[in-house]
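The values are calculated or read from the model by the stated rules, or taken from the named source; none is laboratory data. Note that the coordinates shown come from a computational prediction; the quantities given were computed from them, not determined experimentally. Methodologically, a virtual Cβ is constructed for each residue, glycine included, from the backbone with ideal geometry; neighbour enumeration extends over all protein chains shown. With ligands, DNA and RNA removed, areas are computed over all heavy atoms of the protein, side chains included. Shrake-Rupley method; radii C 1.70, N 1.55, O 1.52, S 1.80 Å.
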Amino acid sequence: MTTNPVTVLVVDDEIPIREELRAFPWENCGAVWIGEAENGEEALAMCDPFPPDIIVSDITMPTMDGLTLLQEVRRRYPGVQVILLTCHSEFQYAKEAIRLGAQDYILKVSLDEEEVGSAIRKAKEALIRHRGHLRQESKLNRAKASKRLEALLADFREGNGDRDVSLEREQWQRLGFGDRFPYRFARLWLPAHSDASLLAHDIVRSALVDFEMRTDACEAWFPIGSDEYTVWFSECDAANAAVPYLERCFMQVRSAAAATSLVDEGEIVLRAVVSEAIRSPADALAALHATSAWKEAAFYMADSAPYIHISMPEPPREFTEEHRRALLAGLRQAEWDADRLALYVETELAAWCRAIRVRPGPLKQWLTQRLTEWISERGAEGKAYASAAAVAAAFDLDAMVEAFVRTVRSVGAPEMKSRPEIREARMWIRDRLQDPLSLPFIAERFGLRPEYFSRLFKDETGESVNQYITRLRMEKAMELLKHSNLKVYEVAEAVGIPNYRYFTSTFRNWAGAAPTDVKRNRRSTVRFDAGDGGSPI
């Protein structure tokens, strides 16, 4: 909010005034003109579904005047700031407007740049205060509502989908919902191949906060578990009506990711499924439970599949004892030879999984156990934990097969060196830390798909591409802060993070101290986890 320009909608029935304001240098006061309307009724229509930050409106207009517009805006969009244009003869109206909640008023006879700029800055400060209060209040309410919702959903699952286990109206209201039925929600999740770090989730949550504030149809959003979110829409009869909102939400997530130098927008890949219509509180838990099937179904989808789904999928089958016996027979026929085992998993086992489509959680757990046993029998227990974790964390079938096969081949050929592409990529990254670096750009440089390169890099280094880049940048920053006279912002630029605020936050999280503290006291003790054998300072 503080770094992005605020959006301004101009409302006046006089064409010369609109033309003058259209040509006004809004950028000088941190604002951007986004449109104009002839009266209050037209302005309200333009506010739906995405209202501006500030409305600059005349008082006297036909159809709907400025005072009526102000009252409607305060009722529908309490966060929008209103600045009124007035003549000397309308001064009493201006005083009334301030009483009703207008942020300021400007005399139309002058439209002085300094006066307009002062009014915009005053409105921006009010926006910051309002949104800061809303963020804090929403954060507390969201945490409470999320716990309630998860507990109710757990009760519903334990009751095996019993319709008697449902939300009462009082519980529905405690979640923050009213009577604007029908409701629908979109269940969002961040697949593991997004390198779903805390930073990635911070970006998603920040975008959802902004999306909720700017979207009247968005009633609320809640985190569900560690990597999922539900975004609730009111008065949403048709499922397709939620799609434009979700597309806008996804665009905000990508923009937020692109604004950082540590997470590439292509690495945060959200999937969503739109629920059935919720026509009463009693429908909510069943609808929420039904959407969980998409997360399991997505395990068998290719990356090219749509990211927003409407209809419910055919749920995966339970992983039965008969299925286990069939797979175990195939593994036993091949397991004495690493190459034969790898070939079996890549071909027959993968084809069986696509055809049968069992629930991925039990499947991965069972395969992880078999792989761990196979590794232990060959005296390579040291690789068992990391290898099992890679299979268990696989976000789709291809990733699971890839992790399993890579482990088998590494155990079967323990002296095998790391892939040359990864060795070259690490050296190439180390030499270009000051440049903008992203996973797609690096992967393309070495002729590999981003998703494949990301998994390959993490398998061989134990770090994601972004974790590796961040560590090298922080190590270099520490060295420059200790042994150069560069200012902190110059150090940030030298390590490829020109955003000063983001650099200081990242450095503090990594080192346990602020960059300025390191410069002030170069003998202070901070964590220095240098990959090249550096010692603590």
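Among the protein heavy atoms, those of Arg471 account for about 40 Å² of accessible surface (1.4 Å probe, every chain in place). Against the main long axis of the alpha-carbon atoms of the chain, helix 500-511 sits at an angle near 40°.
For the set Lys139/Lys295; Lys476/Lys519; Lys295/Lys364, the pairs lying more than 18 angstrom apart at their alpha carbons are Lys139/Lys295. A 1.4 Å probe over all protein chains sorts Glu322, Glu125, Glu219 by accessible area into Glu322, Glu125, Glu219, starting with the largest. Calculated [222 nm] ellipticity per residue, helices only, for the chain: -16500 deg cm²/dmol; basis is -39500 (n - 2.57) per DSSP H run with n ≥ 4, divided by all residues, nearest 500. With R₀ fixed at 30 Å, the C-beta to C-beta distance from Arg340 to Arg449 puts the FRET efficiency at about 0.65.
Computed from point charges on the beta carbon alone (+1 for Lys and Arg, -1 for Asp and Glu), the dipole magnitude for the stretch 1-157 about its Cα centre is near 1500 Debye.
At a probe radius of 1.4 angstrom, the accessible area of the stretch 11-138 per residue rounds to 49 square angstrom. With every protein chain in place and a 1.4 angstrom probe, the accessible-area ranking of Asp53, Asp435, Asp398, largest first, reads Asp398, Asp435, Asp53. For the pair Glu158 and Ile128, label points projected 7 Å from Cα toward Cβ lie 4.8 nm apart.
Under a model in which nothing but the beta-carbon of Lys, Arg (+1) and Asp, Glu (-1) is charged, the chain shows a dipole of about 2260 debye around its Cα centre.
May I ask what percent, to the nearest 5, of DSSP beta bridges between residues of the chain are antiparallel? Given both bridge residues lie in the chain, the antiparallel proportion sits at roughly 45 percent. Any chance you could give the angle, 0 to 90 degrees and rounded to 10, that helix 321-334 forms with the longest Cα principal axis of the chain? Rounded to the nearest ten degrees, it is 60. Solvent exposure of the stretch 275-350 amounts to 52 Å² per residue of accessible area, where only protein heavy atoms count and the probe is 1.4 Å. Applying 0.36 nm per residue to the separation of Lys487 and Arg180 and subtracting their alpha-carbon distance, the gain on full extension is 105.1 nm. Across the stretch 140-151, rounded Karplus estimates of 3J(HN,Hα) from the backbone phi angles (6.51 cos²θ - 1.76 cosθ + 1.60, θ = phi - 60°) give 5, 5, 5, 4, 5, 5, 4, 5, 4, 5, 5, 5 Hz, Gly and Pro being marked x.
Using a probe of 1.4 Å, the accessible surface attributed to Glu460 totals some 60 Å² when neighbouring protein chains are kept in position. Electrostatic tally near Tyr489: other residues with Cβ closer than 13 Å to its Cβ, Lys and Arg +1, Asp and Glu -1, net +1. Seen from Phe446, the other residues with C-beta closer than 9 Å to its C-beta sum to a net charge of -2, counting Lys and Arg as +1 and Asp and Glu as -1. Apply the a/c threshold of 1.5 to the C-alpha gyration tensor of the stretch 1-63 and tell me whether it is rounded, prolate or oblate. Oblate, because a/c is 1.5 or more while a/b does not exceed b/c. Kirkwood analysis of the stretch 277-361, using all unique Cα-Cα pairs, places the hydrodynamic radius at 15.4 Å. Only bridges with both residues in the stretch 1-75 count here: give the DSSP antiparallel percent, nearest 5. Beta bridges within the stretch 1-75, antiparallel portion: roughly 0 percent. Rounded to 0.05, the FRET efficiency of the Glu424 and Glu377 pair, given R0 = 35 Å and the Cβ-Cβ distance, is 0.50. Compactness of the chain was expressed as the Cα radius of gyration divided by 2.2 N^0.38 Å, which yields 1.18. At an R0 of 35 angstrom, the distance between the Cβ atoms of Ala151 and Ala293 translates into a FRET efficiency of 0.95.
As a fraction of the 1.4 Å probe accessible area of the stretch 434-526, surface on carbon and sulfur atoms comes out at 48 percent. Using a probe of 1.4 Å on the protein chains alone, the accessible area found for Phe299 is around 10 Å². Gain on full extension, evaluated as 0.36 nm per residue between Glu137 and Ser255 minus their Cα-Cα distance, stands at 40.0 nm. Subtracting the Cα-Cα distance of Arg325 and Ala45 from their residue separation scaled by 0.36 nm leaves 94.5 nm.
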